């Protein structure tokens, strides 16, 4: 499912976050079909300043639900400094299979209704890269 299909799926007669792909060449739906272990989800959220508290509440509810799902390892939310209303979620999963199972679960999808109307999200999956002398995979 590409960003357009996700947006249509999620916005049916409701107000949902707007999904924007980080990389049009490798959409989240294409990524979820890959067999990668472990996998890191990077998800950015932008929201209007007055709706930031509502975003934090919705994210906390989602994170609590995700923590109970098989294959979930950890998550951390960050906020841009200053007056920034950009948030970044970093979550680690055992595999793309586990992430996809949780992300596409109807219970999780229904929770997206709790995000404020101005919310834009950009989820993307990553794997560690080894760079000799700097970091290991």
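Of the residues 121, 92, which is at pLDDT 95 or above, closer than 20 Å to residue 18 by Cα and part of a strand (DSSP E or B)?
Answer to the selection: 121.
So, of the residues in segment 98-115 that are more than 12 Å from the chain's Cα centre (by Cα) and surrounded by fewer than 18 Cβ atoms within 10 Å (Cβ to Cβ), which turns out to be farthest from residue 56 (Cα to Cα)?
Step by step, filter segment 98-115, then rank; the result is 101.
Restricting attention to segment 70-96, which residues are more than 16 Å from residue 119 (Cα to Cα) and under 15 Å from the mean Cα position of the chain (by Cα)?
The answer is 72, 73, 74, 75, 76, 90, 91, 92, 93, 95, 96.
Which of the residues that make up segment 55-65 are surrounded by 13 or more Cβ atoms within 10 Å (Cβ to Cβ) and closer than 18 Å to residue 122 by Cα?
Passing the criteria: 55, 56, 58, 59, 62, 63.
Looking at this structure, is residue 84 free of Cβ contacts under 8 Å to residues at least 24 places away in the same chain, exposed (fewer than 14 other Cβ atoms within 10 Å of the Cβ) and either touching a helix residue (DSSP H, G or I) at 6+ places or on another chain (Cβ under 6 Å) or within 16 Å of residue 41 (Cβ to Cβ) (or both)?
Spelling it out, it is not the case that residue 84 is free of Cβ contacts under 8 Å to residues at least 24 places away in the same chain, exposed (fewer than 14 other Cβ atoms within 10 Å of the Cβ) and either touching a helix residue (DSSP H, G or I) at 6+ places or on another chain (Cβ under 6 Å) or within 16 Å of residue 41 (Cβ to Cβ) (or both).
For segment 48-63, state whether one or more residues are in a strand (DSSP E or B), touching a helix residue (DSSP H, G or I) at 6+ places or on another chain (Cβ under 6 Å) and touching a residue at least 24 places away in the same chain (Cβ under 8 Å).
No, segment 48-63 contains no residue that is in a strand (DSSP E or B), touching a helix residue (DSSP H, G or I) at 6+ places or on another chain (Cβ under 6 Å) and touching a residue at least 24 places away in the same chain (Cβ under 8 Å).
Any residue at all in segment 124-135 that is under 18 Å from residue 44 (Cβ atoms), touching a helix residue (DSSP H, G or I) at 6+ places or on another chain (Cβ under 8 Å), in contact (Cβ under 8 Å) with a residue 60 or more places away in the chain and surrounded by 12 or more Cβ atoms within 10 Å (Cβ to Cβ)?
Checked segment 124-135: at least one residue is under 18 Å from residue 44 (Cβ atoms), touching a helix residue (DSSP H, G or I) at 6+ places or on another chain (Cβ under 8 Å), in contact (Cβ under 8 Å) with a residue 60 or more places away in the chain and surrounded by 12 or more Cβ atoms within 10 Å (Cβ to Cβ).
Any residue that is touching a residue at least 40 places away in the same chain (Cβ under 8 Å), within 19 Å of residue 120 (Cα to Cα) and surrounded by fewer than 15 Cβ atoms within 10 Å (Cβ to Cβ) - is there at least one of those in segment 66-78?
No, the conditions are met nowhere in segment 66-78.
Within the group 26, 74, which residue is within 29 Å of residue 129 (Cα to Cα), assigned to a strand (DSSP E or B) and at pLDDT 95 or above?
74
Could you please find all residues in segment 72-81 being farther than 25 Å from residue 105 by Cα and touching a helix residue (DSSP H, G or I) at 6+ places or on another chain (Cβ under 9 Å)?
79
The values are calculated or read from the model by the stated rules, or taken from the named source; none is laboratory data. The structure presented is a predicted model; accordingly, all values stated were derived computationally and were not measured. Virtual Cβ from ideal backbone geometry, glycine too; neighbours counted across all protein chains shown.
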